[in-house]
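S.K.: Sharing a structure, written as structure tokens. Questions coming.
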Amino acid sequence: MTSTPTADSAGPRERSILVCGAGLMGHGIAQVMAAAGHRVLLYEPERARAEAGRERIAGNLERAVAKGRLSDEDRRAQLERVAITDDLASAASEAGLVVEAVFEDEAVKRSLFAALDTAASESTVFASNTSSISITRLATATKPERRKRFVGMHFFSPVPVMPLVELVRGAETDDATESAVRELAGELGKQVIVSLDRPGFIVNRILMPYLAESMRAYQEGLGTAGDIDAGAKVGLNHPMGPLELADFIGLDVCLHVMEVLHGGFGQPHMAPPPILRQLVDAGHLGQKTGKGFYTYPRS
């Protein structure tokens with residue numbers, strides 16, 4: 001088993017990786033960490049939710065075996081590396097790295113990081129999977145001494161498939177922390193891009209205005225959802241159309257990131273379109289609720 005990198009440890013230490021949040025992103029992050037040989041603690045405050053996340057990992061691994069991509073021996077070994085917990089303090093005390101993957105809400109994340117900071121070792125690296133929130137602001141939830149070991153580590157969904165990690169340095173993130181995260185991402189088979197700590201970072205800074213303009217085109221009746229998506233797929237050679245991509249991401253997530261971008265830059269093209277707010281207000285969040293710009297399952 002490989003050792004978990006820390007930013008300034010004196011030598012290799014067999015310490016676990018704590019993943020906080022067992023949802024769509026969290027369970028995927030835990031899976032790729034275990035696949036790379038790390039012991040993983042998957043945390044949720046409700047143990048049943050942590051267990052559900054581990055069961056999703058088990059299902060993913062079983063499908064990989066069925067498709068011939070993974071041996072049954074490797075499936076068992078990877079799953080055995082993932083343990084669940086509802087004891088945050090105990091888990092944090094064992095971790096060399098903490099990856100936060102909870103709901104995209106700054107107050108929720110700050111509260112979690114403050115609690116982690118009291119329990120984790122001084123050398124433990126804190127990484128946030130946030131897709132848009134300032135790393136510098138999140139780091140201020142921790143003691144000043146921690147902030148050099150605080151970094152953005154933004155994965156993309158589905159985590160076991162998407163090969164990119166967006167590394168975001170906060171104002172106080174040091175070189176050793178960046179190096180530790182780069183090394184880990186390499187073990188996971190991910191390509192790293194580095195972004196300054198700006199609203200939306202690199203990928204969502206580009207993506208969300210594109211999705212917003214597609215939504216405005218749909219709202220104005222420029223074309224059907226199918227025609228707008230076909231235009232992007234066939235005309236731009238994109239693998240997925242913008243409206244179906246928004247449904248896949250989650251319309252509530254899209255709304256939140258657009259609000260962050262618009263608040264940070266004040267540019268009209270970054271503002272969430274009314275149609276997006278209406279869908280979210282109605283509880284139509286895309287694939288996860290069965291309805292968004294499309295109704296699911298789609299034939």
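What follows is calculated from the coordinates using simple rules that are stated; it is not laboratory data. None of these values were measured; they are calculated from a predicted model. Every residue, glycine among them, receives a Cβ derived from its backbone with ideal geometry; neighbour counts consider all protein chains shown.
S.K.: Need the list of lysines near Lys109 for cross-linking: C-alpha distance under 17 angstrom, and skip anything on the same chain fewer than eight residues off.
M.R.: Partners within reach: Lys143.
S.K.: Between Glu187 and Thr295, what is the spin-label point distance in nm, taking each point 7 Å from the Cα along the Cα→C-beta axis?
M.R.: 4.8 nm
S.K.: Additional query: With each label point set 7 Å from Cα along the Cα-Cβ vector, what nm distance links Arg76 and Leu222?
M.R.: 5.6 nm
S.K.: How large is log10 of I(q)/I(0) for the stretch 31-70 at q = 0.14 Å⁻¹ when the intensity is taken from the Debye formula with one equal scatterer per alpha-carbon?
M.R.: Taking Cα atoms of the stretch 31-70 as identical point scatterers yields -0.36.
S.K.: Could you tell me which GluC sites (Glu not before Pro) in the stretch 82-156 are loop residues by DSSP with no more than 12 other beta carbons within 10 angstrom of their beta carbon?
M.R.: Numbers: sites: Glu94, Glu100, Glu104, Glu106, Glu122, Glu145; in loops: Glu104, Glu122.
Sites meeting the loop and neighbour criteria: Glu122.
S.K.: Right, something else. Just name one of Gly170, Val102, Tyr296: the one whose Cα is farthest towards the positive end of the charge dipole of the chain (beta-carbon charges, Lys/Arg +1, Asp/Glu -1).
M.R.: Tyr296
S.K.: What do you get for the angle between helix 175-187 and the principal long axis of the chain? Use alpha-carbon atoms, 0 to 90 degrees, nearest ten.
M.R.: 80 degrees
S.K.: Are there GluC sites (Glu not before Pro) in the stretch 179-221 that DSSP puts in a loop and that have at most 14 other Cβ atoms within 10 Å, and which ones?
M.R.: Values: sites: Glu183, Glu187, Glu213, Glu220; in loops: Glu220.
Answer by residue number: Glu220.
S.K.: If the reach is capped at under 27 angstrom between alpha carbons, list the lysines near Lys291, excluding any in the same chain fewer than eight residues apart.
M.R.: Lys233
S.K.: Right, here's the next one. Dipole of the chain, Cα-centred, from +1 at each Lys and Arg C-beta and -1 at each Asp and Glu C-beta, to the nearest 20 debye? All intermediate terms of the calculation are to be shown ahead of the outcome.
M.R.: On the way: 32 positive and 38 negative charges, 55 e Å.
Charge dipole, the chain, about its Cα centre: 260 debye, nearest 20.
S.K.: Now for a separate question. Working out 0.36 nm times the residue gap between Ala107 and Phe265, then minus their Cα-Cα distance, what length gain in nm do you get to one decimal? Let's see the in-between values first.
M.R.: Working: separation 158, 0.36 × 158 = 56.88 nm, distance 2.10 nm.
Net length gain for the segment: 54.8 nm.
S.K.: Same structure, new question: If all Cα-Cα distances of the stretch 128-269 are sorted into 5 Å bins from 0 onward, what percent lands in each bin, rounded to whole numbers?
M.R.: 2, 10, 17, 19, 18, 15, 10, 6, 3, 2, 0
S.K.: Dividing the alpha-carbon Rg of the stretch 21-127 by 2.2 N^0.38 Å yields what?
M.R.: 1.09
S.K.: Taking all pairs of different Cα atoms in the stretch 205-281, averaging 1/r and flipping that mean, what Kirkwood radius in angstroms comes out?
M.R.: After inverting the mean inverse Cα-Cα distance, the result is 12.4 Å.
S.K.: In addition: How are the alpha carbon pair distances in the chain distributed across 5 Å bins from zero to the largest one, expressed in percent?
M.R.: Percent of pairs per bin, in order: 1, 5, 11, 15, 17, 16, 13, 10, 7, 3, 1, 0, 0.
S.K.: Over the chain, calculate the relative contact order: mean separation of alpha carbon pairs under 8 Å at least 6 apart, over the residue count, as a percent.
M.R.: Working: 559 pairs, mean separation 41.8, N = 299.
The value is 14 percent.
S.K.: Continuing with this model, one more query. Along the Cα→Cβ direction, 7 angstrom out, place labels at Asp86 and Met240. What is the inter-label distance in nm?
M.R.: Taking the two extended label points, one gets 3.2 nm.
S.K.: Next question. Within the chain, which is the longest segment containing none of the trypsin sites (Lys or Arg not before Pro) that sit in a DSSP loop and have at most 12 other Cβ atoms within 10 Å?
M.R.: Working: sites that count: Lys67, Arg69, Arg298.
In short, 70-297.
S.K.: Per residue and in Å³, how big is the convex hull formed by the alpha-carbon atoms of the stretch 53-192? Present the calculation step by step, with values, prior to reporting the outcome.
M.R.: Values: hull volume 15.8 nm³, N = 140.
So the per-residue hull volume is 113 Å³.
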